[in-house]
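Structure, as structure tokens:
Just so it is clear, none of the values below were taken in a lab; they were calculated from the coordinates. In this text the structure is predicted, and so the values were computed from the model without any measurement. Here the Cβ is made from the backbone with ideal geometry for all residues, glycine too, and neighbour counts use every protein chain on show.
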Amino acid sequence: MSDDRSLVARFLRDRDEESFRTLYRAHTPALFRIAWRLSGRHEEDAEEIVQETWIRAARTFGRFGWRSSLRTWLTSIAINVSRENRRSGRALREGLPEPAAPPEAPDLRADLERALADLPEGYREVLVLHAIEGFTHREIACILGIDEGTSKSQLFHARRAMRLLIDTSGGR
């Protein structure tokens, strides 16, 4: 969005809180959806990912080169934070009950969300970004630092794995 560029410029120039709030309101819902799915549907982890994403973005807006959209850049930060959390063990929820699907979700959607949470990290990231959030393979390649062909391959394997997970869970 060209509006994003002017809001970031105003934030950098004046440390304008209203500009930051506007950016936050515009992009946080999508970031939260992505973080929620990548964290295996753990709301607290998703909130932490989003918060850390905005902290890092605010610190590095000046280095953002606008070679991609702000949404793409923010998403790549969120994915990196999610990966770091998993590697450090902060996102591990062993022994805790399985998180619930959103209250408005019907049973099939709950089965899909559970299967998505069970996918390997690379498959889940590409599937969430492409099939759910609508990023192109080119954008996904930029976000994840992979080739477009790898994105396409991961998506193919993710879809196949989802079918298997849903079939074995009785989701059909």
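Restricting to the stretch 119-165, count the residues that are buried (at least 18 other Cβ atoms within 10 Å of the Cβ), in contact (Cβ under 8 Å) with a residue 40 or more places away in the chain and assigned to a helix (DSSP H, G or I).
Counting residues in the stretch 119-165 that are buried (at least 18 other Cβ atoms within 10 Å of the Cβ), in contact (Cβ under 8 Å) with a residue 40 or more places away in the chain and assigned to a helix (DSSP H, G or I) gives 11.
Return the total of residues in the stretch 10-44 being small (Gly, Ala, Ser), farther than 18 Å from ALA110 by Cβ and under 13 Å from the mean Cα position of the chain (by Cα).
2
Quick check on this structure: which one of THR136, THR150 is under 15 Å from the mean Cα position of the chain (by Cα), farther than 25 Å from ALA110 by Cα and hydroxyl-bearing (Ser, Thr, Tyr)?
Within the list THR136, THR150, the selection yields THR136.
Which count do you get for residues in the stretch 112-136 that are touching a Ser or Thr at 6+ places or on another chain (Cβ under 6 Å) and farther than 17 Å from ARG33 by Cβ?
Adding up the residues that qualify gives 0.
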